[in-house]
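The values are calculated or read from the model by the stated rules, or taken from the named source; none is laboratory data. The structure presented is a predicted model; accordingly, all values stated were derived computationally and were not measured. Cβ sites come from the backbone with ideal geometry, for glycine too, and all protein chains shown count toward neighbours. To get the accessible areas, we keep the full protein, side chains included, count just its heavy atoms, and leave off ligands, DNA and RNA. Shrake-Rupley method; radii C 1.70, N 1.55, O 1.52, S 1.80 Å.
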Amino acid sequence: MEEYLGISFTNRSLSLAKVKEGDQIPKLLSAYEILYPFPFEYNALLKNENLEILGEKLKQFVENNNLNGSFCNISLPMYLVQMKRAPLPLDLDNRILQKQIVWELENINSVPIEESKVIKLAHDFSFGSYYESVFVLIQK
(Lines give C-alpha, C1' and ligand atoms only; values in the text may rest on other atoms or scores of the structure.)
Protein backbone atom coordinates (compact mmCIF):
# COMPACT_ATOMS: atom_id res chain seq x y z
CA MET A 1 0.00 0.00 0.00
CA GLU A 2 1.14 3.51 -0.85
CA GLU A 3 2.48 5.96 1.73
CA TYR A 4 1.59 9.63 1.48
CA LEU A 5 2.97 12.81 2.96
CA GLY A 6 0.58 15.56 4.00
CA ILE A 7 1.93 19.09 4.43
CA SER A 8 0.06 21.96 6.04
CA PHE A 9 1.40 25.49 6.45
CA THR A 10 0.54 27.05 9.81
CA ASN A 11 1.48 30.40 11.31
CA ARG A 12 4.52 28.89 13.05
CA SER A 13 5.53 25.72 11.24
CA LEU A 14 5.04 23.10 8.60
CA SER A 15 2.89 20.31 9.96
CA LEU A 16 3.68 16.99 8.33
CA ALA A 17 1.72 13.75 8.46
CA LYS A 18 2.91 10.44 7.05
CA VAL A 19 -0.01 8.14 6.23
CA LYS A 20 -0.55 4.76 4.60
CA GLU A 21 -3.56 3.64 2.60
CA GLY A 22 -6.06 1.73 4.71
CA ASP A 23 -9.15 -0.33 3.94
CA GLN A 24 -11.63 2.43 4.79
CA ILE A 25 -9.52 5.42 5.83
CA PRO A 26 -5.80 6.27 5.74
CA LYS A 27 -3.73 5.09 8.71
CA LEU A 28 -1.61 7.75 10.42
CA LEU A 29 1.98 6.49 10.66
CA SER A 30 3.59 9.58 12.16
CA ALA A 31 3.24 13.33 12.54
CA TYR A 32 5.99 15.92 12.60
CA GLU A 33 6.44 19.64 12.84
CA ILE A 34 9.17 21.74 11.24
CA LEU A 35 9.35 25.17 12.86
CA TYR A 36 9.93 27.99 10.42
CA PRO A 37 13.62 28.96 10.44
CA PHE A 38 12.65 32.63 10.06
CA PRO A 39 10.39 35.07 11.91
CA PHE A 40 6.88 34.56 10.61
CA GLU A 41 5.09 37.56 9.14
CA TYR A 42 2.15 37.84 6.78
CA ASN A 43 4.35 37.61 3.67
CA ALA A 44 7.22 35.53 5.07
CA LEU A 45 6.41 32.54 2.87
CA LEU A 46 6.59 34.70 -0.26
CA LYS A 47 10.25 35.64 0.24
CA ASN A 48 12.58 33.54 -1.90
CA GLU A 49 15.27 33.25 0.79
CA ASN A 50 12.73 31.89 3.30
CA LEU A 51 11.29 29.42 0.79
CA GLU A 52 14.77 28.17 -0.08
CA ILE A 53 15.62 27.54 3.58
CA LEU A 54 12.26 25.88 4.21
CA GLY A 55 12.56 23.85 1.01
CA GLU A 56 15.95 22.54 2.12
CA LYS A 57 14.55 21.48 5.51
CA LEU A 58 11.62 19.76 3.78
CA LYS A 59 13.98 18.02 1.32
CA GLN A 60 16.06 16.70 4.24
CA PHE A 61 12.90 15.45 5.96
CA VAL A 62 11.74 13.61 2.81
CA GLU A 63 15.16 12.01 2.29
CA ASN A 64 15.60 11.06 5.99
CA ASN A 65 12.16 9.41 6.08
CA ASN A 66 12.51 7.57 2.75
CA LEU A 67 9.61 9.46 1.17
CA ASN A 68 11.23 10.19 -2.22
CA GLY A 69 8.67 9.54 -4.93
CA SER A 70 5.76 9.39 -2.47
CA PHE A 71 2.47 11.10 -3.21
CA CYS A 72 2.04 14.40 -1.41
CA ASN A 73 -0.99 16.48 -0.45
CA ILE A 74 -0.42 20.13 0.43
CA SER A 75 -2.73 22.47 2.30
CA LEU A 76 -1.91 26.12 1.63
CA PRO A 77 -2.87 29.07 3.85
CA MET A 78 -5.97 30.83 2.54
CA TYR A 79 -4.17 34.15 2.11
CA LEU A 80 -1.86 32.51 -0.47
CA VAL A 81 -4.69 31.05 -2.53
CA GLN A 82 -6.98 32.70 -5.04
CA MET A 83 -10.12 30.94 -6.15
CA LYS A 84 -12.46 31.80 -8.98
CA ARG A 85 -15.14 29.86 -10.79
CA ALA A 86 -15.45 30.38 -14.51
CA PRO A 87 -17.97 28.53 -16.69
CA LEU A 88 -16.38 27.15 -19.84
CA PRO A 89 -18.92 25.67 -22.29
CA LEU A 90 -17.77 22.35 -23.76
CA ASP A 91 -19.03 23.17 -27.23
CA LEU A 92 -16.63 26.12 -27.74
CA ASP A 93 -13.86 25.92 -30.31
CA ASN A 94 -10.59 24.87 -28.58
CA ARG A 95 -8.80 28.08 -29.64
CA ILE A 96 -11.55 30.25 -28.14
CA LEU A 97 -11.60 28.07 -25.02
CA GLN A 98 -7.83 28.42 -24.63
CA LYS A 99 -8.04 32.22 -25.01
CA GLN A 100 -10.83 32.32 -22.41
CA ILE A 101 -8.77 30.27 -19.93
CA VAL A 102 -5.73 32.52 -20.42
CA TRP A 103 -7.93 35.61 -19.95
CA GLU A 104 -9.42 34.17 -16.73
CA LEU A 105 -5.97 33.30 -15.38
CA GLU A 106 -4.52 36.71 -16.24
CA ASN A 107 -7.39 38.50 -14.51
CA ILE A 108 -7.27 36.53 -11.27
CA ASN A 109 -3.49 36.32 -10.95
CA SER A 110 -1.68 38.93 -8.85
CA VAL A 111 1.54 38.60 -10.91
CA PRO A 112 1.98 38.46 -14.70
CA ILE A 113 0.98 35.09 -16.17
CA GLU A 114 4.54 34.62 -17.52
CA GLU A 115 5.79 34.54 -13.92
CA SER A 116 3.36 31.77 -12.96
CA LYS A 117 3.24 28.06 -13.43
CA VAL A 118 -0.26 26.81 -14.26
CA ILE A 119 -1.23 23.27 -13.24
CA LYS A 120 -4.53 21.69 -14.26
CA LEU A 121 -5.64 19.28 -11.56
CA ALA A 122 -7.52 16.08 -12.28
CA HIS A 123 -10.68 17.47 -10.66
CA ASP A 124 -13.39 18.12 -13.23
CA PHE A 125 -17.11 18.64 -12.95
CA SER A 126 -19.61 18.62 -15.78
CA PHE A 127 -23.35 18.82 -15.98
CA GLY A 128 -24.78 18.88 -19.48
CA SER A 129 -22.86 21.55 -21.37
CA TYR A 130 -21.56 23.10 -18.13
CA TYR A 131 -17.97 22.17 -17.31
CA GLU A 132 -15.55 23.18 -14.55
CA SER A 133 -11.87 22.38 -14.09
CA VAL A 134 -9.50 23.20 -11.27
CA PHE A 135 -6.29 25.07 -12.03
CA VAL A 136 -3.53 26.01 -9.61
CA LEU A 137 -1.33 29.05 -10.20
CA ILE A 138 2.07 29.00 -8.54
CA GLN A 139 4.62 31.75 -8.78
CA LYS A 140 7.73 30.45 -10.61
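Distance in nm between label sites at VAL134 and VAL118, each 7 Å beyond Cα in the beta-carbon direction?
So the two model labels end up 1.8 nm from each other.
Quick one: pull the percent of accessible area on the chain belonging to carbon and sulfur, 1.4 Å probe, ligands and nucleic acids left out.
That share works out to 54 percent.
Among (1) 2, 10, 21, 21, 18, 12, 10, 5, 1, 0; (2) 2, 11, 17, 18, 16, 12, 9, 7, 5, 3, 1, 0; (3) 2, 8, 14, 16, 16, 15, 12, 10, 6, 2, 0, which is the computed P(r) over Cα pairs in 5 Å bins from 0, in percent?
Only one listed value fits the structure, namely (3).
Of LYS59/LYS140; LYS18/LYS57; LYS20/LYS59; LYS27/LYS47; LYS27/LYS117, which ones are farther than 23 Å apart at the Cα?
Violating the 23 Å Cα-Cα cut-off are LYS27/LYS47; LYS27/LYS117.
Starting from 0.36 nm per residue, how many nanometres of slack lie between LYS20 and ASN107 once their C-alpha separation is accounted for?
Length gained between LYS20 and ASN107: 27.4 nm.
Please calculate how many Å² of accessible area the chain carries per residue, with a 1.4 Å probe and no DNA, RNA or ligand atoms counted. Walk me through the numbers on the way to the answer.
Details: 10460 Å² over 140 residues.
Dividing the accessible area of the chain by its residue count gives 75 Å².
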